[in-house]
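Take a look at the structure set out below.
The values are calculated or read from the model by the stated rules, or taken from the named source; none is laboratory data. Because the structure is a prediction, the values reported are computed rather than measured. Neighbour counts run over all protein chains shown; Cβ positions are idealised from the backbone, glycine included. Only protein heavy atoms, including side chains, enter the accessible area calculation; ligands, DNA and RNA are left aside. Shrake-Rupley method; radii C 1.70, N 1.55, O 1.52, S 1.80 Å.
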Amino acid sequence: MVLPLNVLEKSLNKRISLMLKDGRSLEGKLVGYDDFMNLVLEETEETKEEQMKKLGTVVLRGNNVVTIVPK
Amino acid sequence: MVLPLNVLEKSLNKRISLMLKDGRSLEGKLVGYDDFMNLVLEETEETKEEQMKKLGTVVLRGNNVVTIVPK
Amino acid sequence: MVLPLNVLEKSLNKRISLMLKDGRSLEGKLVGYDDFMNLVLEETEETKEEQMKKLGTVVLRGNNVVTIVPK
Amino acid sequence: MVLPLNVLEKSLNKRISLMLKDGRSLEGKLVGYDDFMNLVLEETEETKEEQMKKLGTVVLRGNNVVTIVPK
Amino acid sequence: MVLPLNVLEKSLNKRISLMLKDGRSLEGKLVGYDDFMNLVLEETEETKEEQMKKLGTVVLRGNNVVTIVPK
Amino acid sequence: MVLPLNVLEKSLNKRISLMLKDGRSLEGKLVGYDDFMNLVLEETEETKEEQMKKLGTVVLRGNNVVTIVPK
Amino acid sequence: MVLPLNVLEKSLNKRISLMLKDGRSLEGKLVGYDDFMNLVLEETEETKEEQMKKLGTVVLRGNNVVTIVPK
């Protein structure tokens, strides 16, 4: 069985894409996380309604994340 | 009695479909879960307003899931 | 006094109907539950805006349930 | 001082009316509750936008209840 | 320092007014509360969009309360 | 490092302004708080859509507060 | 691995920008935080629908924060 946190561990230093509760999408390199699924991304790009914005390093509160997709 | 987590255990490596709080539907092969009903799906397909998108591996936060339907 | 979980226990293998937070109604045979009122239904039918859909076995997260009505 | 759970205890086998978060009103005989204020009602009637519906026995998740009014 | 629960204690048997998350206002005599700020009011009056309704005794779930104003 | 509760401690008996989740703003003298950031204000003024209302003493549930700004 | 709280620790006394659940953006110097990701900012500026407002010191409840971006 693949525990959800295992997928995060295997995705370290790889790019993942996230769907947030507020409808925004983020894509970035996962460099860290904790047990609450709070995440740290680097080289992050945000997409909202077709518009892209570079954000660099981002700390994300886990309770705002709906889906995490490793690339 | 069938505990909810038992259904997940029996559904391992089988396809399930999910209804999320934000109205999206996901279908994929369940490959893992934890006690919070965070889920790991593979070969996932997302459907929203009649449009389908292939997502591959997906980690899902349990608190965004409304219903889980084993196929 | 009738504890809420007692009602679930007595409803095992009987049909119940559920009202969910997102406005959907489900009706099915209750085959299991846990302390968080996560539920397992079988032979489930979903109704939304007058449309009915057969779902079979369904695992329901308790925090999405508003009311449980034994039939 | 009157603890909130005391009011529920005194209301056992009496009719109460409830206002839910989703705007529905329920009225029924309180036959049980637990520490989370999950409730069991019997001979329940639901009112929504002037329409009344008989529901019989209902288990209610406490976190959907806004106000409880003993009759 | 005045702890929030101290204000409730001092307000026992006095009238308070409440603003709820769903936009309703309640005014009544505070006769009890618990550590979760669940409240018991008596001689309660509800106001919503300029309309007043007498409710009598009311048990209020604390997580629906935004502000408590002693009169 | 300045812990969030330290800021509240230093703000005791001083005026603070609050932004609530429901869009209301409150300004008042902070006279108390607890570990959940439930707050007690005195000489409170509420502002909503340009309209000001005097509220006097107010107990605020911490989970409705977005930002606290010491004056 | 970079834990989310490590990023906050390294960002102490540096400017960060925040996206809140209610759509507001804040930018300020991070001077403190706690385990719940409650934050203390100084020299804070709020942006909402293209309008900027200076707020000075701000205490932020962590559960209102979606993303934290160190500058």
Here are some pairs, A:Lys14/A:Lys53; C:Lys53/D:Lys29; E:Lys21/G:Lys48; B:Lys21/B:Lys53; A:Lys14/G:Lys71; which of them have Cα atoms lying more than 25 Å apart in this structure? C:Lys53/D:Lys29
Surrounding charge for D:Pro70, neighbours by C-beta under 10 angstrom, Lys/Arg +1, Asp/Glu -1, total +4
Residues of the protein assembly as shown: accessible area per residue at 1.4 Å, in Å²? 48
The aspartates and glutamates whose Cα lies under 17 Å from the Cα of D:Lys54, excluding any fewer than 8 residues away in the same chain, are C:Glu27, D:Glu27, D:Glu42, D:Glu43, D:Glu45, D:Glu46
In terms of solvent-accessible area of protein heavy atoms at a 1.4 angstrom probe, what is the ranking of E:Thr44, E:Thr57, highest value first? E:Thr57, E:Thr44
Note, ³J(HN,Hα) from phi for segment A:30-35, Karplus 6.51, -1.76, 1.60, rounded to Hz, x at Gly and Pro: 6, 10, x, 6, 10, 5
10 Å Cβ neighbours from other chains, averaged over peptide F:8-15: 1
Other chains near F:46-55: what is the mean number of their Cβ atoms within 10 Å of each residue's Cβ? 1
Output row, site B:Lys14, 7 Å Cα→C-beta label point, backbone N cut-off 14 Å, window segment C:12-44, residues C:41-43
Using only alpha carbon pairs under 8 Å that are at least six residues apart, calculate the relative contact order of chain C and give it in whole percent. 32
Within segment B:42-67, whose backbone N sits under 16 Å from a point 7 Å along Cα→Cβ of B:Asp22? B:45-56, B:58-67
Work out the length of the dipole vector of chain C about its Cα centre, built from +1 on the beta-carbon of each Lys and Arg and -1 on the beta-carbon of each Asp and Glu, and round it to the nearest 20 debye. 100
Would you mind telling me the share, in percent, of accessible area of chain F contributed by carbon and sulfur at probe 1.4 angstrom? 48
Heavy-atom accessible surface that F and E bury in contact, both chains counted, 1.4 Å, Å² to 100: 1500
Exposure of B:Asp35 as accessible area (Å², to 10), given a probe of 1.4 Å and all protein chains: 130
